[in-house]
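What follows is a single structure, written as structure tokens, with notes after it.
Please treat every number below as a calculation from the coordinates, not as lab data. Nothing here was measured: the structure is a model prediction, and the numbers come from that model. We place every Cβ from the backbone using ideal geometry, glycine too, and count neighbours over all the protein chains shown.
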Amino acid sequence: MTNDLGSSVHPTRHWHRLDDGRVQCDVCPRACKLREGQRGLCFVRARQDDRVVLTSYGRSSGFCLDPIEKKPLNHFLPGTSVLSFGTAGCNLACKFCQNWDMSKSREMDTLADAASPGTLAEAAASMGAHSVAYTYNDPVIFMEYAMDVADACRERGVHSVAVTAGYICDAPRREFFAHMDAANVDLKAFTEGFYRKICGGQLGAVLDTLLYLHHETDVWLEITTLLIPGENDSSPEIEALSRWVVEHLGPDVPLHFTAFHPDWKMRDTPPTPPATLSRAREIALTNGVRHAFTGNVHDPAGSSTYCHGCGELLIERDWYVLSTWNLTDDGHCRHCGTACAGVFAGPPGQWGRRRQPVRLAEAVPEAAPATASTRIRDL
Ligand code: SF4
């Protein structure tokens, strides 16, 4: 923790005072207890003037137009583009973090782009993005900013996608996801030991988020598990994960098994062999998951969608390029009429595999210059 507060401060709601004079942040199960000037583990929430504030409101580490399949979301408006952005910090401490330059950043200079919610939503709409994704680092820690962006997006007909580890407490969970249209939740493993040892978190809170999303919201949900050799890739663990998903969330929630590459504090662990991903996909399908995908590897067969009614190829993917398309405009198999779970709206988009870095000032000429606000706003 540090007392070097940044300047883009914004009031927050989920915290309370303790008898010993500290204040406790109630956003995630870490329950950071803060004295004046201290930051929480996520680095972006801090105590200032006897309350907890968000110190990265309105600032981003950068923007990029991506295929929605890259989030990964395979059954949410396939083929469309999504404006991705993130901030800095994270509330987990995963030793394998694949975005550590942003999630572990302790430099507010990382947040070079200033972006008001309205400017960001306007940029997404003007560039034809169907969605905005809160990604790169976990949006639950900058939820006030993400929710305001999502509201501005809704006014313009742009959807919101949360790419999150789902490590969040009940009350903020309800508030945050009420603003989202889709989520990809990282289910990092299926043992408490992995979460404790590798991520510094708890599996139970993540499962609670999955249950909440599936049973109490209309948010379209897909799940991603990054398979790390020797850590979370055993057949019994993948089978247990798959069975839990089918039993508690049903067969229609897509599962993505993606490849790890050596990074951050796990540079001595080898990359995931493609065969591991294929094995995981087979285990999931065998245990009743209807849509299981491999990811981060070139595997057109393993990353395509098939009808669970007749087995026909419904959506063919080669990386992020869609080719064969056998769905009706409302998401039914053209061969047998079985409904495919997902959010489909007419023919697929044509964004392809492009990744296009975006400068907001160019996308929205009246966008504010890259400076941070210093004003604290009251709730
Ligand atoms: S959101 Fe950040 S400050 Fe709040 S409990 Fe979690 S890690 Fe701590």
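Please list the non-local residues whose amide H lies under 5 Å from the amide H of ASP186, H modeled 1.01 Å from N, same-chain partners needing a gap of 5 or more.
THR164, ALA165, GLY166, THR224
So if R0 is 35 Å, what FRET efficiency would TRP319 and GLU175 give, r being the distance between their Cβ atoms, rounded to the nearest 0.05?
The value I calculate is 0.45.
Quick check on the range 79-238: take the gyration tensor over C-alpha atoms, sort the square-rooted eigenvalues as a ≥ b ≥ c, and tell me if it's rounded (a/c under 1.5), prolate or oblate.
Prolate shape, in that a/c is at least 1.5 and a/b is the bigger ratio.
Using θ = phi - 60° and the Karplus form 6.51 cos²θ - 1.76 cosθ + 1.60, what ³J(HN,Hα) does each residue of the range 233-246 get, whole Hz, x for Gly and Pro?
10, 6, 4, x, 5, 5, 5, 4, 4, 5, 5, 4, 4, 5
Given the DSSP H assignment, sum -39500 (n - 2.57) over each helix run of at least 4 residues in the chain and divide by its residue total; what's the result at 222 nm in deg cm²/dmol, nearest 500?
-6500 deg cm²/dmol
Separation between the LYS197 and ARG267 pseudo-spin-labels, each 7 Å from Cα along Cα→Cβ, expressed in nm?
For the pair LYS197/ARG267, the computed spacing is 2.3 nm.
Would you mind checking which residues have amide H under 5 Å from VAL82's amide H? H placed 1.01 Å from N; only 5 or more apart, or other chain.
Residues meeting the criterion, in which the H sits 1.01 Å from N, are ASP66, ILE68.
By its C-alpha gyration tensor, with a ≥ b ≥ c as the square roots of the eigenvalues, how is the range 186-300 shaped: rounded for a/c under 1.5, else prolate for a/b larger than b/c, else oblate?
Here the range 186-300 falls in the oblate category.
Can you pull the Rg over Rh of the chain, Cα-only, Kirkwood?
0.96
Taking 7 Å along the Cα-to-C-beta vector as the label spot, tell me the SER235-LEU211 distance in nanometres, rounded to one decimal.
About 3.0 nm, to one decimal.
Which angle between 0 and 90 degrees, to the nearest 10, do you get for helix 274-286 versus the longest principal axis of the chain when only C-alpha atoms count?
Roughly 70 degrees between the two axes.
So who's got an amide H within less than 5 Å of the one on TRP220, skipping anything under 5 residues away but keeping other chains? H placed 1.01 Å off N, in plane.
The list, which skips near neighbours in sequence, is ALA182, ALA183.
Expressed as an acute angle from 0 to 90° and rounded to the nearest 10, what is the orientation of the C-alpha long axis of helix 117-126 relative to the principal long axis of the chain?
The angle comes out near 30 degrees.
What is the packing order of peptides 198-204, 176-182, taking the mean over residues of other C-beta atoms within 10 Å and listing the highest first?
The packing order, highest mean first, is 176-182, 198-204.
Which is the longest run of the chain containing none of the trypsin sites (Lys or Arg not before Pro) found in DSSP loop states (not H, G, I, E, B) with at most 15 other C-beta atoms within 10 Å?
157-264
Per residue of the range 13-20, what does 6.51 cos²θ - 1.76 cosθ + 1.60 with θ = phi - 60° give for ³J(HN,Hα)? Whole Hz please, x for Gly and Pro, Karplus curve as stated.
For the range 13-20, the Karplus curve yields 10, 9, 6, 8, 7, 9, 5, 8 Hz.
Going by a ≥ b ≥ c, the root eigenvalues of the Cα gyration tensor, does the range 10-54 fall in the rounded group (a/c under 1.5), the prolate group (a/b larger than b/c) or the oblate group?
rounded
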